[in-house]
């Protein structure tokens, strides 16, 4: 692979469980990984980490602030791929990534065992590769199941 062909992955999620799952997903991928999250990660990272305000749908000004920061980082960092596990920052990255023509992958949190999250439903409607970690939630609307982060949960 040429230096110019190197994958540049922007991995983005909220802190907590979303972050743990995101790290498990992209922890061993080849290419340069840059992270965006809402709180300082507990572990040391050699990769670059950027921060955005934590927000939800009930905090429109914080969402706008996060959205502007995410768009700015997408433009500046020029990733080849955007990978997210949600929640609000991931949904914003899905929207911005699609608008900027990036390859986007949304992996719904394993905590969403009963239904796909709002962010996941938005991602699927936008034509983003949307993955669930529960086989019974895969459907004909574009949400696919290919396994889960933690192996088989029986």
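With runs of 4+ DSSP H residues as the only contributors, calculate the mean residue ellipticity of the chain at 222 nm using -39,500 (n - 2.57) per run, divided by the residue total and rounded to the nearest 500. Show your work: numbers first, answer last.
On the way: 4 runs with 48 residues, N = 154.
Result for the chain, helices only: -9500 deg cm²/dmol.
Restricting to Cα pairs below 8 Å that are 6+ residues apart, what does the relative contact order work out to for the chain? Please round to a whole percent.
19
Only Cα pairs under 8 Å and at least 6 apart count here; give the relative contact order of segment 52-105 as a rounded whole percent.
Averaging sequence separation for qualifying contacts and normalising by length gives 34 percent for segment 52-105.
May I ask what percent, to the nearest 5, of DSSP beta bridges between residues of the chain are antiparallel?
0
Taking neighbour Cβ counts within 10 Å as the exposure measure, how do 66, 119 sort from fewest upward?
So the residues, fewest neighbours to most, are 66, 119.
On a C-alpha basis, how far is the centre of segment 85-111 from the centre of segment 130-146 in Å? Whole number, if you could?
15
May I ask you to give the average projected area over all directions of the convex hull of the Cα atoms of segment 3-56, in nm² rounded to one decimal?
Across all orientations, segment 3-56 yields a mean hull projection of 4.1 nm².
Could you rank the peptides 69-80, 136-147, 99-110 by their average count of other C-beta atoms within 10 Å per residue, with the highest value first?
99-110, 69-80, 136-147
Work the Kirkwood hydrodynamic radius out for segment 89-138: mean of 1/r over every pair of different alpha-carbon atoms, inverted, in Å.
Value: 10.9 Å, from the Cα pair sum.
Can you give the translational diffusion coefficient of the chain in µm²/s, computed by Stokes-Einstein from the Kirkwood radius over Cα pairs at 37 °C and 0.692 mPa s?
Taking Rh from Cα pairs, D becomes 211 µm²/s.
Read-outs: derived from the displayed coordinates by stated rules, not from any lab. Note that the coordinates shown come from a computational prediction; the quantities given were computed from them, not determined experimentally. All Cβ positions, glycine included, derive from the backbone under ideal geometry; neighbour counts span all protein chains shown.
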